Amino acid sequence: MIRKDEGLGFILKYENVAWYEGGKVKILDRRIYPTQISFVTCSTHEEVAKAIADMVTQSAGPYTAAGMGMALAAYEIRNESKEKQLEYLEKAAYTLSHARPTTVNRMKLITSGCLEVARKALDNGEQVDEKIFNSTIDSLNRRYENMEVVGNYLVDMFPNKGTIMTQCFGETIVGMMLKQAKNRNKDIRVIVPETRPYFQGARLTASVSQDQGFDTTVITDNMPAFVMKTNKIDLFTSAADVICLDGHITNKIGTYQLAITAKYHEVPYFVTGIPDIDNPTVDTVKIEERDPALVLEARGIKNTLDGVKGYYPSFDITPPHLISGVVTNKGIYSPYDLKRYFKSDVKKFY
């Protein structure tokens, strides 16, 4: 099996994202990593969808989990007729793709691809779960390969011995930009805001950066402005959950204020990812609101008196005038020119 996860941090290895085997899907529980290395084992595709909704995995992890969940759904219905199998898999595709509302369009690309694989396998009398599993690995390889290209374009913007600030956990691009920086002997320092309330920056981005051998510093979410002013940040970068064709991007809550801070301090902000053709304008994006109790606690320890209210929009929207460029697998685009990405052949990404 050809794999593109060589040289990446522990949580970017395929088996440590989500893995289907023996009628079950194992998902690394990123809510508690690296304090504990523990896997959530799912016996049904509904349990996979719940794990995605409950943030067991996040960033690009749900795309892998959705593919593995489709393989599991095929296993669940394996003994029924072709018609019943297809009907079941179509329902599973909806359940998995709609586990989190903000990323439905991208998730549908995964589950629709799995459905197509299932139809062909059923027509050919092949083992459906195995075919979906293999197609998910192929999808992972494509995404990792594409993000390696994105990483190369992004690293072009890194000065040698520069200092880079990240936001949240950009999954594959974090590992690939660091892998390419190392390959090109760019001795960078990485500053990682913690990213409350799940601390994805502190627990995930910082872990990958440390795993891959970089000077890594975690700061709290209220420090970036001061750090940009006093620590000579050369570049701020994040992935995006949605890149609208009008140049607005949706990403983990806090990205907007970091982009404002970067603009004020004349720090370039480069977003990484692929424009979303199904989101032509920002008003097509639905911002997910999560359990407000999560902002009243830190990793399970409550910080407030009873009766104090919380508010937790999971994402925010950054307008194009705060973005220096959108780094894609075709190069770096102005946020005002993203439609041009689709004017030449688009290589399948997922």
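Are any of the residues in segment 241-251 at negative phi, modelled with pLDDT under 95 and out of contact with any helix residue (DSSP H, G or I) (no Cβ under 8 Å at 6 or more places or on another chain)? No, every residue in segment 241-251 fails to be at negative phi, modelled with pLDDT under 95 and out of contact with any helix residue (DSSP H, G or I) (no Cβ under 8 Å at 6 or more places or on another chain).
Within segment 46-64, no residue that is more than 20 Å from residue 144 (Cβ to Cβ) and without any contact (Cβ under 8 Å) to a residue 60 or more places away in the chain sits with its Cβ atom under 8 Å from a residue that is of a type in the set (Phe, Trp, Tyr) and in a helix (DSSP H, G or I) at 6+ positions apart or across chains. Looking for something open to solvent by 20 Å² or more (accessible area, probe 1.4 Å) and in a strand (DSSP E or B) - is there at least one such residue anywhere in segment 65-81? There is no residue in segment 65-81 that is open to solvent by 20 Å² or more (accessible area, probe 1.4 Å) and in a strand (DSSP E or B). Exactly one residue among 254, 307 is of a type outside the set (A, V, I, L, M, F, W, C), open to solvent by 20 Å² or more (accessible area, probe 1.4 Å) and modelled with pLDDT of 95 or more, and that residue is 307. Among residues of segment 259-311 being assigned to a loop (DSSP other than H, G, I, E, B) and without any contact (Cβ under 8 Å) to a residue 12 or more places away in the chain, the one that is nearest to residue 341 (Cα to Cα) is 266. Quick one: is residue 89 open to solvent by less than 50 Å² (accessible area, probe 1.4 Å), farther than 30 Å from residue 300 by Cβ, aliphatic (A, V, I, L, M) and over 21 Å from the mean Cα position of the chain (by Cα)? So residue 89 fits the description; yes.
The values are calculated or read from the model by the stated rules, or taken from the named source; none is laboratory data. From a predicted model like this one, the values you see are computed outputs, not experimental measurements. Reconstructed Cβ throughout: ideal geometry from the backbone, glycine too, with neighbour counts over all protein chains shown. Just so you know, the surface numbers come from the protein's heavy atoms only, side chains and all, with ligands and any DNA or RNA stripped out. Shrake-Rupley method; radii C 1.70, N 1.55, O 1.52, S 1.80 Å.
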